[in-house]
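Working notes, beginning with the structure itself.
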Amino acid sequence: MARDGALLLRDRDMGRPGCGECGQIRVDSAGARMYIYDYHRIFILVHARGMGEWNMQLRKAVMQDVEAIHGLVGYYAAQGLLLPRSRLSLYESLQCFTVAVEEDRLLGVAGLHILWADLAEIRSLAVAPEATGRGIGRKLVETLVEEARSLGIPQVLALTYQRAFFERCGFHPVEKHSLPHKVWKDCLNCSKFPSCDEFAYLRTVPVEHSSPLRLPASLCPAPR
Ligand SMILES: CC(C)(COP(=O)(O)OP(=O)(O)OC[C@H]1O[C@@H](n2cnc3c(N)ncnc32)[C@H](O)[C@@H]1OP(=O)(O)O)[C@@H](O)C(=O)NCCC(=O)NCCS
């Protein structure tokens with residue numbers, strides 16, 4: 001990872017006014033890594049020895065992750081790259097989210113939102129600025145695609161400006177007007193509506209066709 005700590009410090013807005021935590025510098029116990037505590041519980045890695053060694057883990061989000069997810073999504077939302085998410089919307093859809101973490105540090109997040117029986121959407125995909133380019137975005141996408149497969153959902157959608165990234169992840173572009181109306185329900189609340197300039201990308205997911213469950217016998221119509 002060719003990240004220069006000094007560059008990161010110079011380029012980034014280090015913290016929010018009035019926040020006592022942001023801007024604090026911490027060094028881990030082995031003295032190998034130095035972090036800036038920024039944007040409420042998101043550690044920004046500014047220096048590390050042996051940068052190749054990341055002990056990253058992907059797991060489903062839990063309630064204790066919400067503040068960091070809110071901070072990371074908000075960081076990119078402020079740049080117009082993601083839609084902002086309120087804490088309430090994160091609480092309500094917590095089960096949708098997968099996080100990439102290293103120890104107690106959030107590296108990335110993404111959510112799979114079911115739109116219809118045959119379609120789910122990747123939302124709020126974000127990788128921490130210092131962790132991009134390490135395959136974390138792709139891992140998150142693959143995890144959500146696998147989740148869609150295990151749920152029996154044959155298509156995954158992304159509405160995005162990151163065209164090259166999604167093409168590298170096996171998605172293909174589609175015309176927005178070809179998507180079902182259900183996709184646009186949440187767009188009504190978006191500041192970009194009705195002039196959305198995001199691009200639509202789809203990936204087909206190979207699902208196993210198991211037979212649908214039948215009603216319990218007590219609810220089946222009696223034979224005539
Ligand atoms: C877009 C984003 C999720 C990518 O995450 P990442 O961890 O850096 O991506 P990866 O390292 O997994 O990259 C996977 C592939 O996509 C390519 N890629 C990633 N970002 C790219 C970009 N902006 N332009 C071109 N290619 C890109 C990588 O080179 C890599 O290619 P490879 O197949 O040759 O290995 C991350 O940059 C991000 O959070 N951006 C801001 C928020 C955002 O726009 N989210 C998407 C909303 S839908």
> Does R105 count as of a type in the set (D, E, K, R) and away from the ligand (no atom under 16 Å from the Cβ)?
Replying inline: no
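Matching residues to (1) among the β-branched types (V, I, T); (2) outside any helix (DSSP H, G or I); (3) surrounded by 17 or more Cβ atoms within 10 Å (Cβ to Cβ):
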{"position": "P173", "(1), (2), (3)": "no, yes, no"}
{"position": "H177", "(1), (2), (3)": "no, no, no"}
{"position": "F193", "(1), (2), (3)": "no, yes, no"}
{"position": "R203", "(1), (2), (3)": "no, yes, yes"}
{"position": "E208", "(1), (2), (3)": "no, yes, no"}
{"position": "R214", "(1), (2), (3)": "no, yes, no"}
> Of the residues in segment 146-164, how many are farther than 10 Å from E121 by Cβ and either polar (S, T, N, Q) or in contact with a Lys or Arg (Cβ under 6 Å, 6 or more places away or on another chain) (or both)?
Replying inline: 3
>> Among the residues of segment 77-111, what is the count of those that are outside any loop (DSSP other than H, G, I, E, B), out of contact with any Gly (no Cβ under 6 Å at 6 or more places or on another chain) and not basic (K, R)?
In response: 18
>> Condition first: within 16 Å of L112 (Cα to Cα) and within 13 Å of the ligand (Cβ to nearest atom). Now tell me which residues in segment 154-201 satisfy that.
In response: V156, L157, A158, L159, T160, F166, C169, F171, A200, Y201
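From the list R138, R123, R149, which residue is crowded, with 18+ Cβ neighbours inside 10 Å and of a type in the set (K, R)? Let's see the steps before the verdict.
Numbers: R138 fails: crowded, with 18+ Cβ neighbours inside 10 Å; R149 fails: crowded, with 18+ Cβ neighbours inside 10 Å.
Of the residues listed, the single one that is crowded, with 18+ Cβ neighbours inside 10 Å and of a type in the set (K, R) is R123.
Does G137 qualify as being within 9 Å of the ligand (Cβ to nearest atom), part of a loop (DSSP other than H, G, I, E, B) and closer than 15 Å to A100 by Cβ? Working first, answer last.
Values: within 9 Å of the ligand (Cβ to nearest atom): yes; part of a loop (DSSP other than H, G, I, E, B): no; closer than 15 Å to A100 by Cβ: yes.
No, not satisfied.
Readers should treat all values here as calculations from the given coordinates under stated rules, not as data from a laboratory. Note that the structure is a prediction, hence the values are computed from the model and not measured. With ideal geometry, Cβ positions are generated from the backbone for all residues, glycine too; neighbour counts draw on all protein chains shown.
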